[in-house]
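The values are calculated or read from the model by the stated rules, or taken from the named source; none is laboratory data. Please read these numbers as outputs of a predicted model, since none were measured by experiment. Cβ placement follows ideal geometry from the backbone for every residue including glycine, while neighbour counts extend to all protein chains displayed.
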Amino acid sequence: MVTTLSNIGITIPIFWLGFLLIYIFGLQLHWLPVQGYTSPFEDLWLNVKQVILPVICLAVFPIASTSRQTRSSMLDVIKKDYIRTAWSKGLRERLIILRHALKNSLIPVVTLAGMGLSMIIGGSVIDETVFNIPGMGRLAVQSVFSQDYPYVQGIVLFVALVVLLANLITDIAYSWLDPRIRYS
């Protein structure tokens with residue numbers, strides 16, 4: 001079931017999911033507002049309600065791809081000799097899975113998560129357009145169309161710094177997950 005939901009989450013376009021969520025939760029059920037942004041300092045509850053649908057749209061692809069990658073990494077690691085040795089020593093299943101298998105299978109997952117940050121930033125442009133949120137993605141698109149180069153340069157610099165920081169954190173996480181990896 002998780003694999004099927006992951007495959008659906010990877011293949012569904014963000015804008016289509018956004019329209020579907022707006023139709024179901026905003027127009028049919030009237031549970032959540034369908035557009036706009038209110039500062040949490042003005043009205044926290046309205047802000048939370050307005051953020052739920054865009055966050056779901058931005059989170060579906062990363063969660064689905066991470067679960068698929070985790071599953072395939074775990075299937076690779078679970079067949080290794082040291083896992084078989086841990087089973088033969090009589091260690092508990094929870095200890096084997098958490099301490100040995102999961103920790104060693106997380107390196108590809110961490111790589112994917114680090115790369116996923118740029119996908120989230122790119123997806124925010126579509127998300128902000130669908131939900132009519134005044135954000136950095138919409139500002140970037142409007143700045144490109146109005147040929148406002150200082151804004152475009154500032155946004156590109158900010159995105160580049162965020163991606164650089166995400167890559168640095170990813171590399172630091174490698175050495176924490178696998179002690180054999182050391183940077184000098």
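Observations on the structure shown:
- Residue within region 135-150 that is touching a Pro at 6+ places or on another chain (Cβ under 6 Å) and surrounded by 13 or more Cβ atoms within 10 Å (Cβ to Cβ) present: no
- Unique residue being buried (at least 16 other Cβ atoms within 10 Å of the Cβ) and of a type outside the set (A, V, I, L, M, F, W, C) when the list is Gly36, Gly9: Gly9
- Whichever residue in region 20-33 is surrounded by 12 or more Cβ atoms within 10 Å (Cβ to Cβ) and either of a type in the set (Phe, Trp, Tyr) or under 16 Å from Thr129 (Cα atoms) (or both) and, among such residues, is nearest to the chain's Cα centre (by Cα): Leu21
- Selection from region 70-129 of residues that are modelled with pLDDT of 85 or more, basic (Lys, Arg) and within 23 Å of the chain's Cα centre (by Cα): Arg71
- Which listed residue is in contact (Cβ under 8 Å) with a residue 12 or more places away in the chain and either in contact with a helix residue (DSSP H, G or I) (Cβ under 8 Å, 6 or more places away or on another chain) or not in a loop (DSSP other than H, G, I, E, B) (or both), from Asn104, Asn47, Asn132: Asn104
- The one condition in (1) surrounded by 13 or more Cβ atoms within 10 Å (Cβ to Cβ); (2) farther than 27 Å from Thr111 by Cα; (3) of a type in the set (A, V, I, L, M) that Ala64 fails to fulfil: (2)
- Those residues of region 135-166 which are part of a helix (DSSP H, G or I) and either small (Gly, Ala, Ser) or touching a Gly at 6+ places or on another chain (Cβ under 6 Å) (or both), in sequence order: Gly137, Ala140, Ser143, Gly154, Ala160, Ala166
- Region 109-120 residues that are surrounded by fewer than 18 Cβ atoms within 10 Å (Cβ to Cβ), paired with ones that are among the aliphatic types (A, V, I, L, M) (beta carbon under 6 Å, 6 or more apart): Ser118/Val163; Ile120/Leu58
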